[in-house]
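Chemist: The structure under discussion is supplied below as structure tokens; questions concerning it will follow.
The values are calculated or read from the model by the stated rules, or taken from the named source; none is laboratory data. Please read all numbers here as calculations on a predicted model, not as lab measurements. When we count neighbours, we look across all protein chains shown, and the Cβ atoms used for this are built from the backbone with ideal geometry, even at glycine.
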């Protein structure tokens, strides 16, 4: 009789543990879902931030930056220049351009829009004031929290 009572107690405990386990996992899932919803709502709120009233000058500058970066080759060049000053020859080889003329065409657009400069003949780099704006655009496009790291020269 005692064995039957012990067996019934064990079965009752097992059922209670199973019910408690299921309740725990349901609670956990509900909490994770709730956290995910809150995070999503926060991201939407941050993304739809108050832009205020940017000046016409600010809007023109932003449009100019986006126009210059709007071509895939210029975007690639800008990413190269964000890492370190680069020669036209390296740009042509890295991007698989057929001529230096093609590179200079795109670099001229970047220079005209205040993104790139030519401190020495044949070497281009980002304009000092453009780094922050370019980094913000690249981060928003490709993610990442850190600024591009400078490569060490060989």
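Chemist: Just need a number here: residues in the stretch 86-104 that are in a helix (DSSP H, G or I) and in contact with a helix residue (DSSP H, G or I) (Cβ under 9 Å, 6 or more places away or on another chain).
Modeler: 11
Chemist: So which residues in the stretch 120-141 are farther than 18 Å from residue 76 by Cβ and either outside the structural domain of residue 65 (by TED's automatic domain parsing) or in contact with a strand residue (DSSP E or B) (Cβ under 6 Å, 6 or more places away or on another chain) (or both)?
Modeler: 122
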